[in-house]
1. In the set K263, K221, K225, which member is over 30 Å from E340 (Cα atoms), away from ligand 1 (no atom under 11 Å from the Cβ), not aromatic (F, W, Y) and not assigned by TED's automatic domain parsing to the domain that holds I431?
2. Considering only the range 88-106, how many residues are outside any helix (DSSP H, G or I) and either within 11 Å of ligand 2 (Cβ to nearest atom) or of a type in the set (V, I, T) (or both)?
3. Give the residue, chosen from V259, V204, V274, that is touching a helix residue (DSSP H, G or I) at 6+ places or on another chain (Cβ under 7 Å), aliphatic (A, V, I, L, M) and either within 30 Å of G160 (Cα to Cα) or free of Cβ contacts under 8 Å to residues at least 24 places away in the same chain (or both).
4. Could you run through the range 60-78 and say how many residues are under 24 Å from A445 (Cβ atoms), within 16 Å of ligand 2 (Cβ to nearest atom) and either out of contact with any helix residue (DSSP H, G or I) (no Cβ under 6 Å at 6 or more places or on another chain) or among the β-branched types (V, I, T) (or both)?
5. Which number in (1) more than 16 Å from ligand 2 (Cβ to nearest atom); (2) of a type in the set (A, V, I, L, M, F, W, C); (3) touching a Leu at 6+ places or on another chain (Cβ under 8 Å) marks the one condition that A35 misses?
6. Restricting to the range 41-51, count the residues that are within 14 Å of E114 (Cβ to Cβ) and outside any loop (DSSP other than H, G, I, E, B).
7. Assuming L396 fulfils every condition listed in (1) loosely packed, with under 13 Cβ neighbours inside 10 Å; (2) on the phi < 0 side of the Ramachandran plot apart from one, which condition is it?
Amino acid sequence: MSEHGAISKINLQERICTFKEVSRGFDEAEALKEAGRCLQCANAPCSKGCPAGIDIKEFIHLIRGKKYLQSLAKIRESNSLPAVCGRVCPQEEQCQAACILIKKNDPIQIGYLERFVADAEIASGMVALKLDLAANGIKVAVIGTGPAGLTCAGDLAKAGFDVYLFEALHKTGGVLAYGIPEFRLPKNIVAHEVEYLKRLGAKVECNFVAGRTQTLDDLRKAGFKAFFIGVGAGLPQFLNVPGENLNGVYSANEFLTRVNLMKGYAFPEYDTPVKVGRRVGVFGAGNVAFDSARCALRLGAREVSIIYRRTFNEMPARKEEVENAREEGIKFHLLTSPKEIFSDNNGNVKGVICLKNELGAPDQSGRSSPVAIAGSDFGIELDTVIVAVGTSANPLLISSIAGLKLNKRGYIEVNEHMQSSINDIFAAGDIVSGSATVISAINQARLAAAAIIKKFGG
Ligand code: FAD
Ligand code: SF4
């Protein structure tokens, strides 16, 4: 860690050609030094900035006393996935933005402290676990194993329910496994969280597509009393510009799944070749776009560009990751909208025609809207295009449930207890709110678990 609290990262040359985690995090001396800077404010504004309401002041206090497992237990009272959130939460907009020391432009690095205690537990091999759980024998099906499903399953298992997690893919973790790359979130961290759940007694069944392998009615007949749906919003959206079906155009979802879940980055050790050309263009500027761009770079592309219709100020991706991408040499075409992807004679991508934009009045998102400048057409030569412009709800499961109310955008409608229009079905995460964040999925899942415990716990 530098004088000013900058976190050390692995060497840039190593970084851009491997999938090793970029940030090293704190070692013990750095964590103690950072915790020692905390003012232990009486009203702890940091906690008000945390969507999960973690008792940040207290967990930092416990680090100061070197009580790392107790510190972690304090975090786990409000957040079931600290090793994950310590790495991927947008702390700079949440707890750290609320820290009193932001006035000096030097807030406590709360995310890195959270990561430190979570990693300390993994390194110690010790897990604070209540094994004398009083089983109530009530079967609950948790569908989807992203942060929402894992959180709900954990809370229900601790309350004694007989929890079954059903996952469509061959691996658990949802976006944490198939979306966010190894260099931001090592997969052993996700595996550790799933292992923790299994030790609590939860059963996990992969390759189970709810709505197809079995319907909820089948599961009801098999004795399940309540259902939690946390299936995310993984259906890719496209821009609907000409050329999106050419060879060399990927949806970010497909690209990242091949690279991360199917370990395309370890080809030929794993049998998943991922073809990236020399020049890759990524449409979009959220976390998904940046993850795709940085994966393409690591897979050998010579030049990778983010093509975005607004400016740096409006980018939805985490600031830390935008900075990492800039350091790694990702290029930017800002105020630029793709108009048409064009090909060579064999139907392979050759480039994209774009329009230049200027910023207009704020739109519904509150950000300045991009307005195309007539006649500003220009071309960018590319041989691979990755489309990362958002996702929507996959209808496979939800359309199989008669009477399930959806909102106008196609997501599950729930009340304040995350209960759907059907009495025994609860839902949380991206399938309720649309693409959001890990911590919001966790929060909603905890509300759903509490409601299930109250209603079905006897
Ligand atoms: P998901 O994580 O999508 O998990 C849903 C699971 O349900 C999946 O495993 C899916 O296979 C399974 N499923 C779907 N249908 C079925 C079915 N019919 N039967 C059984 N299983 C099914 N958020 C942050 O806070 N910080 C970040 O840095 C960040 N980066 C991101 C990067 C990428 C590439 C992506 C895609 C998202 C990112 N997000 C980030 C957003 C965050 O990951 C999501 O908001 C969060 O994962 C939503 O959790 P979830 O549990 O609702 O759904
Ligand atoms: Fe510590 Fe900042 Fe929270 Fe004050 S606001 S208790 S300094 S982390």
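The values are calculated or read from the model by the stated rules, or taken from the named source; none is laboratory data. Here the structure is a predicted model, which is why all the values come from computation and not from measurement. Quick reminder, even Gly has a Cβ in these numbers, built from the backbone with ideal geometry, and neighbours come from all protein chains shown.
1. Numbers: K221 fails: not assigned by TED's automatic domain parsing to the domain that holds I431; K225 fails: not assigned by TED's automatic domain parsing to the domain that holds I431.
Criteria check complete, one pass: K263.
2. 2
3. Unique residue meeting the criteria: V204.
4. Of the residues in that region, 2 qualify.
5. (1)
6. Residues that pass the stated criteria total 3.
7. Here L396 meets the rest and fails (1).
For (1) assigned to a strand (DSSP E or B); (2) over 17 Å from N79 (Cβ atoms); (3) outside the structural domain of V288 (by TED's automatic domain parsing), each residue gets a yes or a no:
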position	(1), (2), (3)
A153	no, no, yes
G160	no, yes, yes
Y164	yes, yes, yes
H170	no, yes, yes
L176	no, no, yes
E182	no, yes, yes
I189	no, no, yes
Y196	no, no, yes
